[in-house]
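Contents: one structure, followed by commentary.
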2 protein chains.
Amino acid sequence: MPRDVLHQEQIIQAAIALLDEGGIESLSMRRLGSRLGITAAALYWHVKSRHDLLLLAADTVWGRTPLPALDGLEWRPVLLAMADNLRSMLLRHPWTLAAMTVQPLDGPARNRHDEHLLAVCEASGLTRRDAEQAAQSVVTFAIGSALAATPRPYVSFGLQSLLDGVEARLAART
Amino acid sequence: MPRDVLHQEQIIQAAIALLDEGGIESLSMRRLGSRLGITAAALYWHVKSRHDLLLLAADTVWGRTPLPALDGLEWRPVLLAMADNLRSMLLRHPWTLAAMTVQPLDGPARNRHDEHLLAVCEASGLTRRDAEQAAQSVVTFAIGSALAATPRPYVSFGLQSLLDGVEARLAART
DNA sequence: ACCTGAACACCGTTCAAGT
DNA sequence: ACCTGAACACCGTTCAAGT
């Protein structure tokens, strides 16, 4: 188990390298194997399938998205930063978007990111339900901006408007 | 040209059928050919490549998204309807999302949709620049909601908040 | 436990050759 | 103008067999 986990880790890293270089098409079991000095068939000892490996790779890069500290007082800039970090990670690894089209991701890293976002929204004073919706809206917009290749100033406009709307809802409660 | 265009049209329709049935993986030139009673190689007379065919198919279904009339007075419900129509089209043909990851779409149908959205935003009284940003924000959110599999009530929250923000910007101008 | 070799059932694309 | 056949260089996955 310790040895095997290490191998799987190596395989995922090599897969990410391949994906970053040539996109989703360039991840083939044969190519990946030869890069690791191994047969394509041998990969199946460590990984269930190409499909599964892709999901593992996607969750891994998701885990590289920085999560800003929660102790700051302003929730808006934190949300903006998280959206921007997520968007730029998705643009840096566009194959993650392709991975999402084959199956909704919910690896541990992705879940940790979602929970962090939710925590920020709750800290703003929104009700639990509104915070959940606000958090989901932010990821939705960030993911959409990557897939739709939305230019940065447009992203900023959309996010600001969204948060303005959320803030109005918040103000209406007090 | 008349005959050939008809053939290309048939090929695209058959491709869409295949894609709707089994997703992006199930569109193969060989399978498509055999469904049309033709060799895979023969398809290349009508279509440049599989990649190209996929983009043609995506633009075709984009063209099936209804565009609401512009004569209504309320821009908000029109925008909400357009976002909802787009989202449900994307969910009905999830392979369009995969197509977007291989290349930003800009077929005629897609462009017509974008222009319609822009026209609605401009009719609201926003400046040209703000209208462009608002329109882009709406597609971004709709596309994101399909890829992120955002549940419908969450989509509604996000879109309402976004439009609240836009409306505030509009009110500030007058 | 981990890996190889060979096999199966596929791919996209090109291109000479047919009609 | 439109299509076929054959070929090339690939795929993912399984599985007996090796160590």
Members of the stretch A:1-37 found to be in contact with a His (Cβ under 7 Å, 6 or more places away or on another chain), among the charged types (D, E, K, R) and modelled with pLDDT under 95, listed by number: A:4
Wholly within the stretch A:47-117, helices (runs of 4 or more DSSP H) carrying at least 2 residues that are within 16 Å of residue A:143 (Cα to Cα) and within 16 Å of DNA strand D (Cβ to nearest atom): A:95-102
Is it true that some residue in the stretch A:59-73 is more than 16 Å from DNA strand C (Cβ to nearest atom), surrounded by 15 or more Cβ atoms within 10 Å (Cβ to Cβ), within 14 Å of another protein chain (Cβ to nearest Cβ) and touching a residue at least 12 places away in the same chain (Cβ under 8 Å)? yes
Conditions (1) under 24 Å from residue A:50 (Cβ atoms); (2) surrounded by 15 or more Cβ atoms within 10 Å (Cβ to Cβ) -> residue B:25 fails only (2)
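Would you mind finding the one in A:78, A:102 that is closer than 22 Å to residue A:155 by Cα and in contact (Cβ under 8 Å) with a residue 24 or more places away in the chain?
A:78
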Please work out if residue A:162 is in a helix (DSSP H, G or I), within 9 Å of chain B (Cβ to nearest Cβ) and either over 27 Å from residue B:91 (Cβ atoms) or free of Cβ contacts under 8 Å to residues at least 40 places away in the same chain (or both). yes
Hey, among the residues in the stretch B:164-174 that are surrounded by fewer than 24 Cβ atoms within 10 Å (Cβ to Cβ) and either of a type in the set (Ser, Thr, Tyr) or touching a helix residue (DSSP H, G or I) at 6+ places or on another chain (Cβ under 7 Å) (or both), which one's nearest to residue A:134 (Cα to Cα)? B:164
Yes/no for residue B:94 being exposed (fewer than 13 other Cβ atoms within 10 Å of the Cβ) and assigned by the TED database to the domain that holds residue B:157: no
With the requirement that a residue be in a helix (DSSP H, G or I) and either within 10 Å of DNA strand C (Cβ to nearest atom) or over 18 Å from the mean Cα position of the chain (by Cα) (or both), what does the stretch A:10-31 give you? A:10, A:11, A:14, A:18, A:21, A:22, A:25, A:26, A:29, A:30, A:31
Single condition residue B:34 does not satisfy, out of (1) of a type in the set (S, T, N, Q); (2) in a helix (DSSP H, G or I); (3) in contact (Cβ under 8 Å) with a residue 24 or more places away in the chain: (3)
Subset of the stretch A:117-159 that is facing chain B (nearest Cβ under 8 Å) and in contact with a Lys or Arg (Cβ under 6 Å, 6 or more places away or on another chain) - its residue that is nearest to residue A:62 (Cα to Cα): A:142
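The values are calculated or read from the model by the stated rules, or taken from the named source; none is laboratory data. It should be emphasised that the depicted structure is a prediction, and the values quoted were computed from it without experimental measurement. Counting neighbours? That spans all protein chains shown, and the Cβs are built from the backbone with ideal geometry, glycine included.
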